[in-house]
1. Just to check I understand the Karplus step: with θ = phi - 60° and J = 6.51 cos²θ - 1.76 cosθ + 1.60, what whole-Hz values come out for the stretch B:183-197, glycine and proline as x?
2. Which order do the peptides B:48-60, B:213-225, B:188-200 come out in when sorted by mean C-beta neighbours inside 10 angstrom, highest first?
3. Could you work out, for the stretch B:7-157, what percent of all Cα-Cα pairs fall into each 10 Å distance bin, beginning at 0 Å and stopping at the bin that holds the largest distance?
4. Determine the shielding of peptide A:18-27 by partner chains: average, over its residues, the number of Cβ atoms on other chains within 10 angstrom of each Cβ.
5. Using just the alpha carbons, could you tell me how many Å³ per residue the convex hull of the stretch B:260-338 encloses?
6. With the alpha-carbon atoms as the only input, what is the per residue convex hull volume for the stretch A:223-273 in Å³?
7. Normalised by the number of residues in chain A, what is the relative contact order in percent for Cα pairs under 8 Å and 6+ residues apart?
8. Taking a 28 Å limit on the Cα-Cα distance, which of the listed pairs A:Lys76/A:Lys104; B:Lys76/B:Lys195; B:Lys55/B:Lys195; A:Lys55/A:Lys76; B:Lys104/B:Lys195; B:Lys76/B:Lys104 fall beyond it?
Number of protein chains: 2
Amino acid sequence: MTSSVGVDRVLEPVGVLPQAAWRLDASPAIREDEVRVRVERLNLDAASFRQLSEKHGGDGDAVRAEVLEIVGARGKMHNPVTGSGGMLIGVVEEVGPSSPLGVKAGDRVATLVSLTLTPLRITDALRNWDGRSEQAPAEGTAILFGRSIVGVLPDDLAPELALAVYDVCGAPALTDRIVAEYEHPRVVVLGGAGKSGSLALAAARMAGARTVGIVRNTDEADLLRAAGVADEVAIADARNPVEVAAAVGEPATITVVCVDVPGCEHGAILATAPGGTVIFFSMATSFPAAALGAEGLAADVTMLIGNGYVPGHAEFAVDLLRRVPAVRSLFEARLAGD
Amino acid sequence: MTSSVGVDRVLEPVGVLPQAAWRLDASPAIREDEVRVRVERLNLDAASFRQLSEKHGGDGDAVRAEVLEIVGARGKMHNPVTGSGGMLIGVVEEVGPSSPLGVKAGDRVATLVSLTLTPLRITDALRNWDGRSEQAPAEGTAILFGRSIVGVLPDDLAPELALAVYDVCGAPALTDRIVAEYEHPRVVVLGGAGKSGSLALAAARMAGARTVGIVRNTDEADLLRAAGVADEVAIADARNPVEVAAAVGEPATITVVCVDVPGCEHGAILATAPGGTVIFFSMATSFPAAALGAEGLAADVTMLIGNGYVPGHAEFAVDLLRRVPAVRSLFEARLAGD
C-alpha cells in the first residue's frame, strides 16, 4: 500500500501523503507500479487560476511565471494559497510492470486525480500559454501512482472538452447518488451556469428531481435557461445568505455549492430544509464556516465535502454531455470564451 | 427570518450572517425576539485555546490580553486564526416578548451556538482567569437570537462539566445517527480519549457498533481503556496516514476525527473502507485537504462536515454521561487537569 499511494515520491515533510507534501520528487524514472505521462495540457483548477489572475491583475506573463515557480519549487502544480491544483492531459509514455491502471503506451489520457499530488516537470517554460485561461498547453512529464485514476479520452469529444468535463465529473456523480436518497427532491445549485453546476443540474434532472439554478447575473441566467436543465432560474449573490434564501424560496431538499468564491456556506445552509443535504464542491469552502454556520442557525442539515471520486464518475459525466446537447454547448461556449 | 438569525447585529461587513461578520453590535439592549444572558464562564474552543496558548508560549497573561482584545474589537470571541469560538454559561437576565427559546429570567443556561456568532461584552477584564485553561470565569453580557439553541443546566452535573459536555454534544449525536445507517459497523475514533472522542465512542458502542479508539500515547491509552467504551485501543500519530492505517488494521466502516490539530484528513480517509463514512469534527480540518485527498486516494468514502447541531443533542450527550460513569470520570479528570 505504501508505495502505491506515492509515499516514496515525497521529499518533504517525510511521512505525509503526496497531496499534503510541500515538495515531491518529479523525476521521470518510474517505479514498478507507476506510469509516466508525456504532458500536453494542464487544466488549472478554477479557484487557483482566479487567485493567481487576481493577484497579478490579469497579467498573463506574471501568472505564467508564478505557475512555473510553483511547479519548480514543489514538483507539482499545487497553489499554496488556494490549496488546489487541477488536472492534465497527455500521452502515456511508459507503464511499470505492476501498474494496475490498465493503460498502455500511446493512450491519450486525462488524469482524474488532482495536480496537487501529481509529480510534474515542465520542460517548455509554458511558452505556448498566454497565462489568461485555465487551460495551459505544456510540455513535460507527470507521474501516476499505482492507486490513481486515469481516463482514456473519448473519440467523440475534443481533448479540451473532455478535460473540462473530467475536471468536475465528481459533482454530477455525487449529486446523482444523493438525489436517489430522497423522494421527489427539490435540488438547488448555486452557480448553476458553471461547469460543475450545469452538470450537477443535468444529473439531478435525469434522476427525477425538480431543479433550481442560482446564478449571479442575467447573462448567466440566459445561458442556463438555454441549457434547459433547470426548472427555475433565479439571480442572487451566493455570498449573501438572505438574498440566496429569498431567491430559492421553498427550501431545498439538496443544495449543491458550485461557486468558486469564499463565503457561500451560510446561504447554502439557510436555503436548505431540515433533514436536507448540502454538498460543497467549491474548493473555496471554509470548513469552520460551514460547521459553525449550521450550528449557529440550528440547521439540521447533512453537510458533505464534495469527494472528487465516485466510481464511474468520468463515464457518467461524459454520458450526460452526450445526452444533453445543450450542456455540451454550454461547455463549448465556456471553452471558447476562455 | 432576517432578524431572528441576528442580521441586525452585524456591523461589518453588512449583509452577512453574524458568524461570518468581522464585527457585531454587542450592546445589551435586546430586540423583541432576543434574550440577554449575564455571563458567568466562557469555554473556549480547544483549537482556539491551543492556538492562542502556543502563540504566546503558554503565557497566561498574554493569552488573556489577546482574548480581551478580540472580544473588544469584534464584539464576539471569534479567533481570527482558527475561525472558532466556544460556548458560555450564564443566567438569563431578560427575555424579549417574542423569543421562541422557552427560557425565563433566572434560568442558568449554556449557549449551544458558537461564540463566533454570539454578541459578547466582557466587563471584568477576565480578572479571575489565569489564561491557562479553556474555561474562563467572566462577567459581562451575551445576546441570543430568536433562532438559536440554549440548554438549561441539569441539576446533577456541575456547570463546568455540563458546559464541557455541551461543547462537544454534536459529536455523539451525529455518530449515533450515522452508525444507524450501517449493519454491524466498525467505528474508529481518532482522538478517542478526548472529550468529543470519548462521547463519540460511547455513542457508537451504545448503538451496537464495534469500537476502536486511536490515541497518541500510552497515558491516553490507559485513560481510554479505563473508560471501557473502546473494544480496541491503539496508538498512532493522527497526522501520519501510514501509521494511522496500520494502527486501524481492518478498514473502518465509520471514522470519526476528533483530533484538534491540522493534517489528520488523509489518515482518516486511508483508514476507511470503500462505502464508509468519515465524520470530521475537528475545527482544524482543511476542506481542500479532505476533498483532494479522497480523490487522490481514489477513495469512495462519504465525508461529512461535523454539524454541531442535531436535534436533541444536548440531552443525548448528558444521558450518555449518566449511563457511562467511566466517561463522566474521564471528563472530570480532564477538567481537574485543566
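1. Working through the residues one at a time gives 9, 6, x, 9, 9, 10, 10, 7, x, x, 8, x, 5, 5, x Hz.
2. B:188-200, B:213-225, B:48-60
3. Going from the shortest bin to the longest, the percentages are 12, 44, 33, 10, 1.
4. 3
5. Dividing the Cα hull volume of the stretch B:260-338 by its residue count gives 130 Å³.
6. 82 Å³
7. Computed over chain A, the figure is 15 percent.
8. Where the Cα-Cα span goes over 28 Å, the pairs concerned are B:Lys104/B:Lys195.
Every number here is computed from the coordinates shown, using simple stated rules; none is lab data. Since the structure is predicted, the reported quantities are computational estimates derived from the model, not experimental observations. Neighbour counts run over all protein chains shown; Cβ positions are idealised from the backbone, glycine included.
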